[in-house]
Amino acid sequence: MATLGIDFGTSNTAAGVMVAGRPHLINVEPGRTTLPTSVFFDYDRKVTTYGSVANTALIDGREGRFMRALKSVLGTPLMREKRQIAYERLTLLEVVAKFLRMIRERAEAETGQTYDIALSGRPVRFHSTDPARNAQAEVDLREAYMIAGYTDVSFMFEPEAAALASGPLDKGALGLIVDIGGGTSDFSVFERNGADTRVIASHGVRVGGTDFDRAISIAEVMPLLGRGAEVRNAMGPGRHVAPNAIFNDLATWQKIPFVYTAENRRMVADFAKLGVDPVPFGRLKTVLEMELGHDIAFAVEAGKIQINKPDVTDAGIDLRVIEKALWAEFTKDAMSLTLADHAAQIRACAAETLAMADVTPDRIGKIVFVGGSSLLQVVEHVMVAMFPDAALERTEAFTAVADGLAIAASS
């Protein structure tokens, strides 16, 4: 029975098998070996679309329900709550299962094989500080695979899979996988003896690209929608600051679909009437009425990517979908400051991984960057400061985990 290696990511997904002794990545979209981990339930057509097609449906303004970053919800009670999603009543567990079934069907269509078994990547820790929730996340993911029709699934830490696919090491040197995806940051210290790879220690923390997006959105975008602004009391004199909850949820990928409630719309309509400065609350009212939360999130992500380019020092987040000529301007220095706490968590986790391996930083001869968020300059600066003499490898940042899973699935 054939086994399919699946890198089910918070932001992007890939799948691979071995062909003629080499990893072969499935074209999960036409001409592409990765696809966004996005789902769109189309109200009018009563169809479910995935990946770039789902993203396009949202951007084009089709009526429906868009979901992304569902991996971050694994292990939480939200996964098993039945809710009306467009034209179906589903749990989020069943939504994940739909996505995983689609990956299998596309792999089978390309290769002509049947994949009843999956080797799935997983972060070292789905949740950093809650062992019970961390364990439940794997239970949830396993059940999603079963609902999707797989007969069996096993799991492998994502950075350990990436280590299998990494290039050679200098004699006596160790390698460090720095795997920062959409939801988590994972590290593995490994050594290589010929074709054999041995992982010495792995560790992880729940910090990733969606957390970076959230922090940037809260700092740069949400003040333009009323975060931190004052609202007059409805009864009597006095004023209060608008509560942060709605802004925090609007800046969080996996919570955006649940922001558009009647209660939130009523609250924001009151803010627009009673705000000391009604303009930002008027924008927030538009966001909720037009359901523009994901448009904002994509704009923040695009701004983050733009400001990360080496020759760019300042950029903007395009918010013209809300209001003509509305931009959130920010600089590279501002982004570094906004992400400083996240960078500190990544630094601490890398140091803890070395301690678990009982090695010193000078033993690390090569750092292998894996995952799109590992390519942010703020991450590279942390790693270079910790390991100034290590070589840097970025060549397979987006596919190393899937390559490694393909290798492991064939053994």
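The values are calculated or read from the model by the stated rules, or taken from the named source; none is laboratory data. This one's a predicted model, so the numbers in the text were calculated from it and none came from an experiment. Cβ: placed from backbone, ideal geometry, glycine included. Neighbour counts: every protein chain shown. SASA here: full protein model, heavy atoms, side chains in, ligands and nucleic acids out. Shrake-Rupley method; radii C 1.70, N 1.55, O 1.52, S 1.80 Å.
Quick notes on this structure:
- Of Leu100, Leu70, Leu78, the residue with the greatest mean-square motion in the GNM of the chain, using alpha carbon springs below 10 Å, is Leu78.
- Portion, in percent, of the accessible area of the stretch 104-176 that falls on carbon or sulfur, probe 1.4 Å: 48 percent
- Residues whose amide H falls under 5 Å from that of Val231, counting only those 5 or more places apart or on a different chain, are His240, Val241, Ala242, Val276, with hydrogens built in the peptide plane.
- Between 0 and 90 degrees, the angle of helix 92-111 with respect to the longest Cα principal axis of the chain falls at about 50 degrees.
- Where trypsin sites (Lys or Arg not before Pro) fall in DSSP loop in the stretch 245-343, at most 16 other Cβ within 10 Å: Arg320, Lys324
- Linear extension gain, Thr395 paired with Thr114, 0.36 nm per residue minus alpha-carbon span: 98.1 nm
- Across the chain, Cα pairs under 8 Å and at least six residues apart give a relative contact order of 19 percent.
- Ignoring lysines fewer than eight residues from Lys71 along the same chain, the ones with Cα atoms less than 26 angstrom from its Cα are Lys46, Lys82, Lys98, Lys255, Lys304.
- Value of relative contact order over the stretch 316-411, rounded to a whole percent, pairs C-alpha under 8 Å and six or more apart: 22 percent
- Comparing Pro237, Pro77, Pro388 in a Gaussian network model of the chain where C-alpha atoms under 10 Å apart are linked, the largest mean-square fluctuation is found at Pro237.
- Shape category assigned to the chain from the gyration tensor of Cα positions, a/c cut at 1.5: oblate
- Solvent-accessible heavy-atom area per residue, rounded to whole Å², over the chain at 1.4 Å: 43 Å²
- Here is the list for the stretch 118-171: trypsin sites (Lys or Arg not before Pro) lying in DSSP coil, each with at most 15 other C-beta atoms within 10 angstrom of its C-beta, are Lys171.
- Backbone phi angles across the stretch 34-46, fed through the Karplus curve with coefficients 6.51, -1.76 and 1.60 (θ = phi - 60°), yield HN-Hα couplings of 10, 9, x, 7, 10, 9, 10, 9, 7, 4, 6, 7, 6 Hz in residue order; Gly and Pro are listed as x.
- Anisotropy class of the stretch 27-119 from Cα gyration tensor, a/c 1.5 cut: oblate
- Amide H within-cut-off set for Trp327, under 5 Å, with H built and near neighbours excluded: Leu319
- Within the stretch 78-159, percent of DSSP bridges classed antiparallel, to nearest 5: 35 percent
- Most tightly packed first, judged by the mean number of other beta-carbon atoms within 10 Å of their residues, the peptides 46-58, 174-186 read 174-186, 46-58.
- Considering only beta bridges that DSSP places wholly inside the chain, some 70 percent are antiparallel.
- Note on the stretch 149-228 and the stretch 56-88: Cα centroid distance 25 Å, given to the nearest whole angstrom.
- Between the amide H of Val153 and those of Ala118, distances stay under 5 Å, these residues lying 5 or more places away or on another chain, with hydrogens modeled in the peptide plane.
- Cα centroids of the stretch 305-356 and the stretch 238-261: 21 Å apart.
- To the nearest ten degrees, helix 340-357 and the longest principal axis of the Cα atoms of the chain are 20 degrees apart.
- Mean separation of Cα contacts under 8 Å (6+ apart) over length of the stretch 157-240, as relative contact order %: 21 percent
- Folded to 0 to 90 degrees: helix 278-290 orientation relative to the chain principal axis, Cα: 60 degrees
- Per-residue ³J(HN,Hα) for the stretch 227-238, Karplus 6.51 cos²θ - 1.76 cosθ + 1.60, θ = phi - 60°, Hz, x for Gly and Pro: 4, x, 8, 9, 10, 5, 5, 5, 10, x, x, x
- Hz values of 3J(HN,Hα) by residue in the stretch 116-123 - Karplus curve (6.51, -1.76, 1.60), Gly and Pro given as x: 8, 10, 10, 10, 9, x, 8, x
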